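Q: This is the structure I want to talk about, given as structure tokens.
The values are calculated or read from the model by the stated rules, or taken from the named source; none is laboratory data. Predicted, not measured: the structure shown is a model, and the values here were computed from it. When we count neighbours, we look across all protein chains shown, and the Cβ atoms used for this are built from the backbone with ideal geometry, even at glycine. Calculation scope for accessible area: heavy atoms of the full protein, side chains included, ligands and nucleic acids excluded. Shrake-Rupley method; radii C 1.70, N 1.55, O 1.52, S 1.80 Å.
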Amino acid sequence: MGIGGIAMNLSLEDKLRAAYSKDFKLLAIHMDLLYSCDLDCCHCYLDDKRTDALSTDEILDVLAQARALGALKLTLSGGELFLRKDLFEILEFARASRFYIKLKTHGGLLTEEAADKLATLGINRVDFSVYSLEEDVHDFITRRTGSLERTLQGLERLVERGIPVRVNCSVMNLNTRSYKGLYRYFAERGIDASIDGSIRGSNGGGVETYVLGLTVEEKVEMERFKREMLGTLPKPVTMDPEEHICWAGKTSAHIQPDGTVTPCVAWPMSLGSVRDQSLRSIWEEEESLKEIRDMRRKDLTGCSGCVLQTKCTFCPGKAYVENEGAWKEPFSLQCQDTAARTFGTLSYNASKVLGEDGESSKEAWTFKSSDDNRHLNPIVEPIQWNEPQLTQEKRRPRLRSLIQTQGIQLTRKNDR
């Protein structure tokens, strides 16, 4: 159970965000308790794991401050948080403070005793990082032999105790042939799984991890697979010029192990430190937060001519890393992801409604892009994800007209 004995769900969280955002109240806090980890994942964004960590008393004080500000949702992660010997003292305090608690772990250190304690505490959810069900693939990514076996053992211990779990799979060129089988396996068991093909840069501002990323074509295929598995379309993205871009720094904040406060785990811009000032003073007085809260979609620079604006879930944190601090400007990773998301969904729709008489509705489509189009800005009419009023016959010419791009096109595989 979650806040006040109520399980947290998307609808409840949306309502809370709407209420909290009116006055920029702190709803969610994400704390990395340490950066140390017994794995060495090749795509990890933590490029310096030697960071000093807050003491037990300092962490409990920060949690008390967050609760006093009205925070209800707490995410704890690392590094590997089960390396902290005081973890359960922290969890007991968080539970007594009536936080909704989510943990992020690789799970390889979860013993039977630890699983029992988590069950007793009533932890709301535990997220596991799993990269493949093939041992050689997963262990190659983590660079630790036997890591998959240990992770799956930890996951099973929580499943046996009825603790909600979720599997998160970062998809890269090392496991692109594995993620579909992984997703299907956990889906068949009724375990929530998330696949994400966006490998971001490091906290230090490096983008060396980009070499592990999928090609745009592979990202399109992954998006298409998501639509097929979920049977749904992405949540529509509106483009009200006065709309906020995301909730980072508005209803949520992240705290690094040494006490540095940032808008989000993906946005390593320092707002101050809880070792130097109170969390309240940072949240209510920091000038950078005022700029973030004043930011609207209309303030994005360099995006006004993009026809995929209505489908872009712009991430200022990733922009901050790739653009060396310029968080209002477009960046290649976002542009690629938006194009992939758009055309992955388009190809899923196309396979359903564009087939000629006698053609299979499951016909595969593929995505082509020119190498010299850095931001992949297709010249294509923005797609409305949900158009129930259109019959299949009316949708066919509309979708056909959408498959017109500059440097990007959809084509049947048997036409290549």
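Q: Scan region 157-164 and tell me whether some residue there is open to solvent by 60 Å² or more (accessible area, probe 1.4 Å), in a loop (DSSP other than H, G, I, E, B) and touching a strand residue (DSSP E or B) at 6+ places or on another chain (Cβ under 9 Å).
A: yes
Q: Starting from region 304-317, take each residue that is closer than 13 Å to GLU329 by Cα and list its partners that are among the small types (Gly, Ala, Ser), counting only C-beta distances under 8 angstrom and pairs at least six apart or across chains.
A: Taking only residues 6 or more apart or on different chains, the pairs are CYS315/ALA266; PRO316/ALA248; GLY317/ALA248; GLY317/ALA266.
Q: While we're here: For region 274-303, how many residues meet the condition of being among the polar types (S, T, N, Q) and more than 25 Å from the chain's Cα centre (by Cα)?
A: Of the residues in region 274-303, 3 are among the polar types (S, T, N, Q) and more than 25 Å from the chain's Cα centre (by Cα).
Q: Give region 172-195 a look and list any residue that's free of Cβ contacts under 8 Å to residues at least 40 places away in the same chain, under 24 Å from TYR35 (Cα atoms) and surrounded by 14 or more Cβ atoms within 10 Å (Cβ to Cβ), or say none.
A: ILE195
Q: State all residues of region 277-290 that are closer than 25 Å to SER202 by Cβ, open to solvent by 20 Å² or more (accessible area, probe 1.4 Å) and not polar (S, T, N, Q); if no residue qualifies, say none.
A: GLU286
Q: Can I ask one more? State all residues of region 25-44 that are out of contact with any Lys or Arg (no Cβ under 6 Å at 6 or more places or on another chain) and of a type outside the set (A, V, I, L, M); if no residue qualifies, say none.
A: Listed by number, the residues that qualify are LYS25, HIS30, ASP32, CYS37, ASP38, CYS41, CYS42, HIS43, CYS44.
Q: In the set ASP23, ASP61, ASP47, ASP38, which member is open to solvent by 50 Å² or more (accessible area, probe 1.4 Å), assigned to a loop (DSSP other than H, G, I, E, B) and at pLDDT 95 or above?
A: Criteria check complete, one pass: ASP38.
Results for (1) out of contact with any Phe, Trp or Tyr (no Cβ under 7 Å at 6 or more places or on another chain); (2) within 19 Å of PHE225 (Cα to Cα), shown as yes or no for each residue.
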residue	(1), (2)
ILE141	no, no
ARG150	yes, no
GLU156	yes, no
VAL167	no, yes
ASN175	no, yes
LEU182	yes, yes
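Q: Now a separate question. Any chance you could count how many residues in region 94-115 are without any contact (Cβ under 8 Å) to a residue 60 or more places away in the chain, open to solvent by 60 Å² or more (accessible area, probe 1.4 Å) and more than 27 Å from CYS169 (Cβ to Cβ)?
A: 2
Q: So for region 102-113 (the condition being polar (S, T, N, Q), under 30 Å from VAL216 (Cα atoms), modelled with pLDDT of 95 or more and in contact with a Ser or Thr (Cβ under 7 Å, 6 or more places away or on another chain)), does at least one residue qualify?
A: no
Q: Just a yes or no: is a residue in region 196-212 more than 30 Å from ARG50 (Cβ to Cβ) and out of contact with any Ser or Thr (no Cβ under 9 Å at 6 or more places or on another chain)?
A: Initially, region 196-212 is screened for residues more than 30 Å from ARG50 (Cβ to Cβ), giving none.
Looking through region 196-212, none of the residues is more than 30 Å from ARG50 (Cβ to Cβ) and out of contact with any Ser or Thr (no Cβ under 9 Å at 6 or more places or on another chain).
Q: Does region 79-93 contain at least one residue that is among the small types (Gly, Ala, Ser), under 12 Å from PRO257 (Cα atoms) and either in a strand (DSSP E or B) or open to solvent by less than 40 Å² (accessible area, probe 1.4 Å) (or both)?
A: Yes, there is a match, as at least one residue in region 79-93 is among the small types (Gly, Ala, Ser), under 12 Å from PRO257 (Cα atoms) and either in a strand (DSSP E or B) or open to solvent by less than 40 Å² (accessible area, probe 1.4 Å) (or both).
Q: In region 198-225, how many residues are in contact (Cβ under 8 Å) with a residue 60 or more places away in the chain, over 14 Å from ASN175 (Cβ atoms), open to solvent by 30 Å² or more (accessible area, probe 1.4 Å) and charged (D, E, K, R)?
A: Within region 198-225, residues that are in contact (Cβ under 8 Å) with a residue 60 or more places away in the chain, over 14 Å from ASN175 (Cβ atoms), open to solvent by 30 Å² or more (accessible area, probe 1.4 Å) and charged (D, E, K, R) number 2.
Q: How about region 291-317: which of its residues are closer than 20 Å to THR251 by Cα, assigned to a loop (DSSP other than H, G, I, E, B) and open to solvent by 60 Å² or more (accessible area, probe 1.4 Å)?
A: Correct list: THR313 only.
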